[in-house]
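A.B. asks: First, the structure itself, so that you have it in front of you.
The values are calculated or read from the model by the stated rules, or taken from the named source; none is laboratory data. Since the model is a prediction, treat every value here as computed from it, not as a measurement. A quick note on method: Cβ atoms are made from the backbone with ideal geometry, for glycine too, and the neighbour counts reach across all protein chains shown. Calculation scope for accessible area: heavy atoms of the full protein, side chains included, ligands and nucleic acids excluded. Shrake-Rupley method; radii C 1.70, N 1.55, O 1.52, S 1.80 Å.
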Amino acid sequence: MTDILETIKGRLAGKIKEANFEGANIVLYTQNETFFIEGEGKIKEIVNDIKKRIELRADSKILSSKEITEKKIREIVPSEAEITEILFDPQRSIVVIEAKKPGMVIGKQGSILNEIRKATLWTPQVQRSPAIKSKITESIRSVLYANNNYRRKFLDSVGKKIYQEWTSEKMEGWVRLTFLGGARQVGRSSMLLQTPNSKILIDCGVDVASSGADKFPVFNIPEFNLDQIDAVIISHAHLDHVGLLPYLFKMGYKGPVYMTAPTRDIASLLSLDFIGVAYKQAERPVFSSANVTEMVKHSICLNYNEVTDIAHDVRLTFYNSGHVLGGALVHLNIGNGFHNLLYTGDYKYSKTRLLDPAVTIFPRVESVITESTYGAKTDILPPRKETEEQFIALIKETLDKGGKVLLPELGLGHAQETLLRMEESMRLGEISKVPIYIDGMVWDINAIHTAYPDFLSSKARTQIFQDKNPFTSDIFSRVGSPQERKQVIEGDSCIVIATSGMLVGGASVEYFREFAINPNNTMILSCYQGPGSLGRQLQEGAKKVIIEEEGMKKEIEVKMKVVLFNGMSPHAGRNEIINFFNNMRPKPRRIIVNHGEVSKSLDLASALYKLNRVETNVPRGLETLRLK
Ligand SMILES: [Zn+2]
């Protein structure tokens, strides 16, 4: 294979000063102003031939100065767009325009952006200013800007590796998949995909409810060698899928991590929180905030439906999974159509307040790995409307008695659905107007939702676009300090939403400790409760539980009402999983079941076998399957 960059430069005879990679994309820099403005047709011809994305940018030599560029941008963009910030990335000749109404910066068919490009020779990009300020999104952006130089080199090296032995021919050989965690269990999801040429790690989670070595995927096996990993793919930001990712950087990983932008932001936030929780439990955290920064520096963010080469024989596409903001079904085209694998991660196959159901139509699919959290015969989730009504009735009953409601949540997904449901009920007068306290991280995750409306359902997006953003309602109050928490605990009737969802560390345990004694209070558990967790004990009806604080064990008597609510789960219930496969096109030849307690996974596999007449597998931990 000849050098792809030299081939392109050759075809554009003398007009290209420099060519390099940004991941799988090719970027050309020119010092020829006319070619920069008029060369698009020529570039399109080459794109059609080589079927790779190519972007033409101006070399730094011919760019307008930052001052002039900023002035021109403010002249060209209508003031109604409300520009909040203009940021320069001179390493890549990019100017980022952050505005409240990004559509007005883009203009009809990109007309305004084009005008900026011609007037300044910078390549403009547009970002929406989040409706709620998010510290994490800001600090991630500043990490990326501060490391512009490193990023440029890193992205170039990723591209070089992808194209090194690049070929458009169909590969022959084999594909193997090893389950490092998350097989016959919920938690520590991680898989190693191997071909004769590539090794790819898919997800890198922790089992929050476990302790010791069982908390993490098993990496100490001969075929796992961090130096040989070509890429890491993360399906979504829940800790059981991403919680150990920063640790890979601590161990020296320097390769790319592919995920969506909201997943990157939320995963960073949850990882930093995970460090804090470990300290509070007097454990030594397995990674540091510096490792989280490395993770951000090595992230490559993709949108849904964007096809990208991640190794010279593996092409990745993310599709909406309907599970949480930025959550993705992971589709891998291996060896130019040799084998097509779909990994569902976690998914939901019905509409929710914020998200559309998971996608079921793919170009090709031969093997599918599906989650089975609610895969058992008995896991039929009740109709959403009915569940929501019961949920609201329960809150009403508690508030009418003057009690407090505690909602332990994962932070991402269900928490936002619940908040929006309660906001609506208060607005409609179905329940009395009391403060809804959001403790810590859930607030930041709400902010991230408002920064990425493109990842939400069209209905939720429209609300945000029309300035009817439910997340900014004044019934929500943030609890940001121990003093504020104390006021909430001692104060009047209210609703509190706090992490963690299984009551393993986090603020939810502190509220539980104080609320438990009062029979007028109610706690509603809605997420999956891992075996051994405090949440699981309470779900099973424990009336006395032991909690540990600062190394001391304390017995808590539980008089408050504890109710389990699965109906609004962000996971697919049994029927949804079955419908997902009924509607999947094309039909897969093999279904592999993971991410479920063993009996549920086995039960689901046998049902899917009977209905679809395809091979089904329920691999054990460390088992390797040959996919082809
Ligand atoms: Zn999840």
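A.B. asks: Of all residues in the stretch 216-251, which are charged (D, E, K, R) and outside any helix (DSSP H, G or I)?
C.D. replies: Applying the first criterion (charged (D, E, K, R)) to the stretch 216-251 yields 223, 227, 230, 240, 250.
Across the stretch 216-251, the qualifying residues are 223, 230.
A.B. asks: Report yes if residue 88 is of a type in the set (Phe, Trp, Tyr) and farther than 13 Å from residue 124 by Cβ, otherwise no. I'd like the intermediate steps shown before the answer.
C.D. replies: Numbers: of a type in the set (Phe, Trp, Tyr): yes; farther than 13 Å from residue 124 by Cβ: no.
Spelling it out, it is not the case that residue 88 is of a type in the set (Phe, Trp, Tyr) and farther than 13 Å from residue 124 by Cβ.
A.B. asks: Please list, ordered by first then second residue, the pairs with beta carbon atoms under 6 Å, 6 or more apart or interchain, first in the stretch 502-526 and more than 28 Å from residue 381 (Cα to Cα), second modelled with pLDDT of 95 or more and polar (S, T, N, Q).
C.D. replies: From residues that are more than 28 Å from residue 381 (Cα to Cα), the pairs are 515/521.
A.B. asks: Within the stretch 210-239, which residues are at pLDDT below 95 and within 14 Å of the ligand (Cβ to nearest atom)?
C.D. replies: Once the filter is applied, which keeps residues that are at pLDDT below 95 and within 14 Å of the ligand (Cβ to nearest atom), the stretch 210-239 yields 238, 239.
A.B. asks: Can you tell me how many residues in the stretch 487-521 are over 24 Å from residue 573 (Cβ atoms) and assigned to a strand (DSSP E or B)?
C.D. replies: Result for the stretch 487-521: 3.
A.B. asks: Something else: So which strands (runs of 3 or more DSSP E) are wholly in the stretch 552-596 and hold at least 1 residues that are open to solvent by less than 20 Å² (accessible area, probe 1.4 Å)? Steps first, answer last, please.
C.D. replies: Working: elements: 552-557, 561-564, 590-594.
Answer list for the stretch 552-596: 552-557, 590-594.
A.B. asks: Something else now. For residue 206, work out the one condition from (1) crowded, with 18+ Cβ neighbours inside 10 Å; (2) away from the ligand (no atom under 16 Å from the Cβ); (3) more than 14 Å from the chain's Cα centre (by Cα) it doesn't fulfil.
C.D. replies: Every listed condition holds for residue 206 apart from (2).
A.B. asks: In addition: What pairs come out if I take residues in the stretch 528-539 that are in a helix (DSSP H, G or I) and pair them with residues that are open to solvent by less than 20 Å² (accessible area, probe 1.4 Å) whose C-beta lies under 6 Å away, six or more apart or interchain?
C.D. replies: Pairs found: 534/503; 535/503; 535/525; 535/529; 536/529; 537/545; 539/525; 539/529.
A.B. asks: Among the residues of the stretch 32-44, is there at least one that is of a type in the set (A, V, I, L, M) and over 36 Å from the mean Cα position of the chain (by Cα)? Walk me through how you get there before you give the answer.
C.D. replies: The initial filter retains those residues of the stretch 32-44 that are of a type in the set (A, V, I, L, M), namely 37, 43.
Of the ones still in play, those that are also over 36 Å from the mean Cα position of the chain (by Cα) are 37.
Checked against the condition, which is being of a type in the set (A, V, I, L, M) and over 36 Å from the mean Cα position of the chain (by Cα), the stretch 32-44 yields at least one hit.
A.B. asks: Could you please give the count of residues in the stretch 174-203 that are assigned to a loop (DSSP other than H, G, I, E, B), open to solvent by less than 30 Å² (accessible area, probe 1.4 Å) and over 14 Å from residue 24 (Cβ atoms)? Can you show your working first?
C.D. replies: Narrowing the stretch 174-203 to residues assigned to a loop (DSSP other than H, G, I, E, B): 174-175, 182-189, 195-198, 203.
Subset that is open to solvent by less than 30 Å² (accessible area, probe 1.4 Å): 175, 182-183, 186-187, 189, 195, 198, 203.
If we keep only those that are over 14 Å from residue 24 (Cβ atoms) as well, we get 175, 182-183, 186-187, 189, 195, 203.
Qualifying residue count for the region: 8.
A.B. asks: Right, another one. Can you name every residue in the stretch 455-486 that is of a type in the set (S, T, N, Q) and more than 19 Å from residue 324 (Cα to Cα)? Give the derivation first.
C.D. replies: Filtering the stretch 455-486 down to residues of a type in the set (S, T, N, Q) leaves 457-458, 462-463, 466, 469, 472-473, 477, 481, 483.
Passing the criteria: 466, 472, 473, 477, 481, 483.
A.B. asks: Let me ask something else about it. Within the stretch 401-415, does at least one residue satisfy the condition of being without any contact (Cβ under 8 Å) to a residue 60 or more places away in the chain and more than 16 Å from the ligand (Cβ to nearest atom)?
C.D. replies: In the first step, residues of the stretch 401-415 are kept if they are without any contact (Cβ under 8 Å) to a residue 60 or more places away in the chain; the result is none.
Looking for residues that are without any contact (Cβ under 8 Å) to a residue 60 or more places away in the chain and more than 16 Å from the ligand (Cβ to nearest atom), one finds none in the stretch 401-415, hence no.
A.B. asks: Right, here's the next one. Does residue 274 qualify as being open to solvent by less than 40 Å² (accessible area, probe 1.4 Å), touching a residue at least 12 places away in the same chain (Cβ under 8 Å), within 16 Å of the ligand (Cβ to nearest atom) and not in a loop (DSSP other than H, G, I, E, B)? Before the answer, list the steps.
C.D. replies: Values: open to solvent by less than 40 Å² (accessible area, probe 1.4 Å): yes; touching a residue at least 12 places away in the same chain (Cβ under 8 Å): yes; within 16 Å of the ligand (Cβ to nearest atom): yes; not in a loop (DSSP other than H, G, I, E, B): yes.
Criteria met by residue 274.
A.B. asks: Follow-up question, since we're still on this one. Could you tell me which numbered condition residue 263 fails, if it satisfies all but one of (1) part of a strand (DSSP E or B); (2) within 16 Å of the ligand (Cβ to nearest atom)?
C.D. replies: (1)
A.B. asks: May I pose another question? Listed residues 406, 399; which is more than 20 Å from residue 233 (Cα to Cα) and open to solvent by 10 Å² or more (accessible area, probe 1.4 Å)?
C.D. replies: Working: 406 fails: open to solvent by 10 Å² or more (accessible area, probe 1.4 Å).
Only one candidate passes the filter, namely 399.
A.B. asks: Which residues, counting only those in the stretch 277-307, are touching a residue at least 60 places away in the same chain (Cβ under 8 Å), over 16 Å from residue 250 (Cα atoms), in contact with a strand residue (DSSP E or B) (Cβ under 8 Å, 6 or more places away or on another chain) and open to solvent by less than 60 Å² (accessible area, probe 1.4 Å)?
C.D. replies: Scanning the stretch 277-307 gives 300, 304.
A.B. asks: Regarding the stretch 245-254, can at least one residue be identified that is under 15 Å from the mean Cα position of the chain (by Cα), within 16 Å of the ligand (Cβ to nearest atom) and open to solvent by 30 Å² or more (accessible area, probe 1.4 Å)?
C.D. replies: Checked against the condition, which is being under 15 Å from the mean Cα position of the chain (by Cα), within 16 Å of the ligand (Cβ to nearest atom) and open to solvent by 30 Å² or more (accessible area, probe 1.4 Å), the stretch 245-254 yields no hits at all.
A.B. asks: When you go through 155, 113 one by one, which is the residue that is closer than 30 Å to residue 205 by Cβ, assigned to a helix (DSSP H, G or I) and at pLDDT 95 or above?
C.D. replies: Values: 113 fails: closer than 30 Å to residue 205 by Cβ.
Every option except 155 fails the conditions.
A.B. asks: Hey, another quick one. Check 131, 119 and return the single one that is at pLDDT below 90 and of a type in the set (A, V, I, L, M, F, W, C).
C.D. replies: 131
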